[in-house]
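The values are calculated or read from the model by the stated rules, or taken from the named source; none is laboratory data. Since we're looking at a predicted model, the values are computed, not measured. We place every Cβ from the backbone using ideal geometry, glycine too, and count neighbours over all the protein chains shown.
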Amino acid sequence: MFRSPLLILLALSAVFMGGCAQYENKRGVDVSWQDAVTRELVNGQSTRKEVLELLGPPSQVIALGDETVLYYLFERSTGNGLVLVVYNRMEVNTRYDRAIFFFDEQDVMTDFSTRIYADEDS
């Protein structure tokens, strides 16, 4: 019935050396730019100081000629995989929650946009 103990050992090793993997990674600025917060901001009236007080330090400050941009970013990656002796497969889904605020030379907000992915969008 069994041909060789070595063959049995190899078959069992292949079975036990395989496995599943899960992956989760979160980095960036805490997401605090929900509608409840950004509803308080008004184009042409809100200042850079007010945005910084509401949201804290941005991920990046960008100078565009006469304009300044505050850019907030939060990265969320999830995934899973199959790890076998001969074949490996990983699937990673990355989403970026982001907010961007534009200010003129007087530090008055001229425009902004935000995007937060809901958990079901992942």
query: Hey, any hits in region 74-92 for a residue that's at pLDDT 90 or above, farther than 20 Å from A21 by Cα and over 19 Å from the mean Cα position of the chain (by Cα)?
result: no
- request: Filter region 49-66 for residues that are at positive phi and surrounded by fewer than 10 Cβ atoms within 10 Å (Cβ to Cβ) and give the result.
  value: G65
message: Any residue in region 54-65 that is of a type in the set (G, A, S) sitting within a Cβ distance under 7 Å of a residue that is assigned to a strand (DSSP E or B)? List the pairs, counting only those 6 or more apart or interchain.
response: S59/G28; S59/Y71; S59/Y72; S59/L73
query: Using beta carbons and a limit of 9 Å, which pairs, at least six apart or on different chains, have the first residue in region 21-34 and among the polar types (S, T, N, Q) and the second one surrounded by fewer than 14 Cβ atoms within 10 Å (Cβ to Cβ) and in a strand (DSSP E or B)?
result: N25/V92; N25/T94
- request: Report yes if some residue within region 8-20 is loosely packed, with under 12 Cβ neighbours inside 10 Å and of a type in the set (V, I, T); otherwise report no.
  value: yes
query: Based on what the data block shows, is V42 at pLDDT 90 or above and part of a loop (DSSP other than H, G, I, E, B)?
result: yes
task: Among the residues of region 72-103, write down those that are of a type in the set (D, E, K, R) and touching a residue at least 24 places away in the same chain (Cβ under 8 Å).
output: E75, R76, R95, D97, R98
Yes/no for D30 being in a strand (DSSP E or B) and more than 30 Å from A11 (Cβ to Cβ): no
- prompt: Would a scan of region 111-120 turn up a residue that is closer than 26 Å to A36 by Cβ, modelled with pLDDT under 90 and among the acidic types (D, E)?
  reply: yes
